[in-house]
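To start, the structure under review is shown below, and the notes come after it.
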Amino acid sequence: MPSKHSRRERKRKRLKQRRVPPKHLLAQARQSLTEGDGRRALDLLRQAQHGDPALEELPLLLFCACMQRARQLAEKGLAKEAAALRTSAAQHRVSIAFSQLAEEDWMQYIRHADGAEALVDYADYLQAQRSPILQVERMLADLLVIQRCWKGLEVLAADHPLRRDAGQVESSLEAMDAGDWERAVGLLGGIGRRSPFAAWRLFCKAMVCFGSGDDQGLRRIIELLPADFALTYTVAEWRRLCTGEGVDGLPAVQLALGTASSALADQLGEAIHKGRLRDIERLIPGLAVALYPEEPLQARMALLQIVGLAVPRNKVPIEAIPGLVQRLLPTERVASAAAQIGLLIQQMSPDRWDPGPAAVYLDLLSVAFPHAPDRAVARGRVLEAMARTGHKVGLQPHFLPAEMVESLAALLDERLDDPGLVLPQLMTASLAADPDNREGYRFLLDLLRGHPEYQAKFEKTLRDMAARFPDDPDPHLEQAALHYAKNAYRRAEKSLAEGRKCAPHDERLLDLQAIGFLKSADQSRKRGRFKLAAQDLQRAEHLERPRLAFVLRVKRLLLAVVSADRDAAEVVAPHVECLPPSARLRTLALLLHDLAENSHIKNVKPEMGNALKALLNRQTTVLEQLGPDAVLELIAPLPADFRILYDRLQIAPVFADWWLALMERLEGDHLLAFFDILLACDQRDPVRSEINRRLRGRKKAERDPLLLFYLA
């Protein structure tokens, strides 16, 4: 737990930051954007906004920071967080005064905007009778080539240079993508020097010079290319090679074009495919130098990992890997690289799960990661990979060999008291090393969910996740569901309130709150407190949750049946006759399902279920009105979050007498989906009977292979 002193230090730093003038914060944010640090830029801009919300530059810089950070999060696979930042960026974009932007501001905006949006905004700027900005139009041309958003040009006038020349550039892209640079130059012949696309014609000419080995012509073209051309890294590499800084033994042009590495890569691929170990060993050093001349050792290690990935495909024998690694790498890297290849093989083939390579790799982690923060993240990811691979293969921890148990103990630095906790222990150790791994917490919860003996650990993980990620409502949702399951309604409401602070508009919070009211109504109904039950149902209805309308209707009917002194069918019939056929049948089925789950309650009588069953059986005439989708919807299981209300989510058994008639109405994918639902209910005999009925009398060539697969 952090000390009071450290908390005071953080508070003092925050107060110090708040004293910085907003204008200075904006300058720092611009610098952070230039350096690619979107997170810091956002923090600085929010501080500036707090100090002076009326700053004119704020909307533009906030938009750029949000877009930059969204792209960074998307690259890390955090799609949900990236989408939220894109939404924020769209809100800031509306506030940008484009008519007042200077040239530098326009360039900043275009660097971070999507091509189609940037074109629309620039077109509006021109329509306001503003003079064109040539530098901005050239950057828009780069965006068009890279993002291929040609339809966005429709917002510009037909004679505008961007729209006028776009056709020639678009037609040349296929040649560029194929590396046919001479043809691309020919297709771009009509592009003038003043065209926004002129830099791309020069780029294609430069590539032709590369191909012909004309370094002098290449130098001339490099001087003509704009300094902020979209492919600046490629141009910088050209400059380096043209000044004679290339690797000895390979011409600069050939190296930049990749023709040498391409030929070697083809040869290595063929050698791996055919299992020629000598050729593999001979080709890797040369290809490593061609691919990564600055760090050929790193390239060798990567290529050896590729060779290792051929082991699960039986192209290379696993016994050959240690020898290759030993002969191609320095002594201090051999053990670490061999262990890393072993881990990769496990990812490709989970049935080879073995903690031994992971234990060796983590022991030698300082070789690959000399800095402690990097080492901690790497340790966390290795342990997570072991846990996920073990889960994927269905690991049985109770039957592990003694040597694996020893490796696991070394891996975790602790004893394995409970074999069933091996995978959760791996994930717990992973999160201790890499506590910012949000998906890791979710996976740990999945490992612990459904095991009552690990309930305390499950709840602790939820608390840790909520404390670590204050912007995430998921742990609060899980906590609320746990409290509802224990009938701890006040605690559940408190958890939902915490969740609303994180995500005020998250629909799942309202859904769960409504489910909680239904759960409370169930408890009151079971105790004979019908008035309290009706009040809870009314509270659930006031939340107006569309997902719960169907269940709410059933709960109202159940309360009416239990509290009335009349025949159950007489109570229910007037309420269901007005419903469409599918909704009517599903309502009666869920009502019967609910009665069956409450059959042990004193106020639920057997005759209630009998009367409703008879009412359902009188509805068989409506089967002809049901299409295939309606049939599947009829027997579909309830959503997983309804487990708070029902012990069993499958309602298909209620229609057991109708299965044959329902299956006769289905074909193809609908029939297979019906089979899946029945098999999930452990109902194999009806599926087997229906398949045999359909296959009977058919020749082998006419039999549906999918039906044979299900039968097997």
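Values quoted throughout were computed directly from the atomic coordinates according to the rules given, and no laboratory measurement underlies them. Just so it is clear, the model here is predicted, and its values are computed rather than measured. No Cβ is skipped: glycine too gets one built from the backbone with ideal geometry, and neighbour counts run over all protein chains shown.
Starting from the 7 Å offset along Cα-to-Cβ, what nm value, one decimal, do you get for the label separation of residue 20 and residue 99?
3.4 nm
How long is the gain from residue 505 to residue 126 if the chain were fully straight, where each residue apart is worth 0.36 nm and the alpha carbon distance is subtracted?
On the way: separation 379, 0.36 × 379 = 136.44 nm, distance 3.83 nm.
132.6 nm is the gain from fully extending residue 505 to residue 126.
Order by neighbour count: 666, 678, fewest other Cβ atoms within 10 Å first, most last. Intermediate values should be presented prior to the final figure.
Numbers: 666 18, 678 21.
Fewest to most other Cβ atoms nearby, the residues stand as 666, 678.
Working from the alpha-carbon coordinates of the range 570-712, get Rg over Rh, Rh being the Kirkwood radius.
On the way: Rg = 16.9 Å, Rh = 16.6 Å.
Across the range 570-712, the Cα-based Rg/Rh ratio is 1.02.
If one puts a single equal scatterer on every Cα of the range 40-184 and applies the Debye formula without solvent, what log₁₀ I(q)/I(0) results at q = 0.19, 0.20 Å⁻¹?
-1.16, -1.22
Which value at 222 nm does the chain reach when only helices count, each DSSP H run of 4 or more adding -39,500 (n - 2.57), with the total divided by all residues and rounded to the nearest 500 deg cm²/dmol? Before the final figure, lay out the partial values.
Details: 39 runs with 491 residues, N = 712.
Counting only the DSSP helices, I get -21500 deg cm²/dmol.
If you fit an axis through the alpha-carbon atoms of helix 489-502 and take the longest principal axis of the Cα set of the chain, what angle between them do you get, 0 to 90°, nearest 10?
20 degrees
Please report Rg over Rh for the range 337-445, where both radii come from the alpha carbon positions and Rh follows the Kirkwood definition.
Working: Rg = 12.9 Å, Rh = 13.9 Å.
The Rg/Rh ratio comes out at 0.93.
Within the range 463-500, which residues have the backbone N less than 14 Å from the label spot 7 Å out from residue 436 along Cα→beta-carbon, could you tell me?
Within reach of a label on residue 436: 468-470.
How would the range 583-663 be classified by its alpha-carbon gyration tensor: rounded, prolate or oblate, with rounded meaning a/c under 1.5 and the a/b versus b/c comparison settling the rest? Walk me through the numbers on the way to the answer.
Values: a/c = 2.52, a/b = 1.32, b/c = 1.91.
Cα axes put the range 583-663 in the oblate bin.
I need two numbers for the chain: Rg to one decimal and Dmax as a whole number, Cα atoms only, in Å.
Spelled out, the Cα radius of gyration and Dmax of the chain are 33.3, 101 Å.
Please label the shape of the range 614-656 as rounded, prolate or oblate, based on the square roots a ≥ b ≥ c of the eigenvalues of the alpha-carbon gyration tensor (a/c under 1.5 means rounded; beyond that, a/b larger than b/c means prolate, else oblate).
Values: a/c = 3.33, a/b = 1.71, b/c = 1.95.
It is oblate, given that a/c is not under 1.5 and a/b is not larger than b/c.
How big is D, in µm² s⁻¹, for the range 569-611 by Stokes-Einstein at 37 °C and 0.692 mPa s if Rh is the Kirkwood radius over C-alpha pairs?
On the way: Rh = 11.0 Å.
The calculation lands on 297 µm²/s.
Given axes a ≥ b ≥ c from the Cα gyration tensor, I'd like to know whether the range 522-625 is rounded (a/c under 1.5), prolate (a/b larger than b/c) or oblate.
Details: a/c = 2.12, a/b = 1.23, b/c = 1.73.
Cα axes put the range 522-625 in the oblate bin.
Mind checking the angle between helix 215-224 and the chain's longest principal axis? C-alpha axes, 0 to 90 degrees, to the nearest 10.
Result, in degrees: 70.
Can you give the relative contact order of the chain as a percent, counting alpha carbon pairs under 8 Å and 6+ residues apart? All intermediate terms of the calculation are to be shown ahead of the outcome.
Details: 716 pairs, mean separation 27.8, N = 712.
Normalised by residue count, the contact order of the chain is 4 percent.
How far apart, in nm, are the 7 Å Cα→Cβ label points at residue 640 and residue 603?
For the pair residue 640/residue 603, the computed spacing is 3.4 nm.
Using Cα pairs closer than 8 Å and at least 6 residues apart in sequence, work out the relative contact order for the range 522-625, in percent. Could the numbers behind the result be given before it?
Values: 75 pairs, mean separation 27.3, N = 104.
Result for the range 522-625 is 26 percent.
With everything on Cα atoms, drop me the angle between helix 22-34 and the longest principal axis of the chain, reported from 0 to 90° to the nearest 10.
The angle comes out at about 80 degrees.
Taking 7 Å along the Cα-to-C-beta vector as the label spot, tell me the residue 565-residue 577 distance in nanometres, rounded to one decimal.
Taking the simple label geometry, residue 565 and residue 577 are separated by 2.4 nm.
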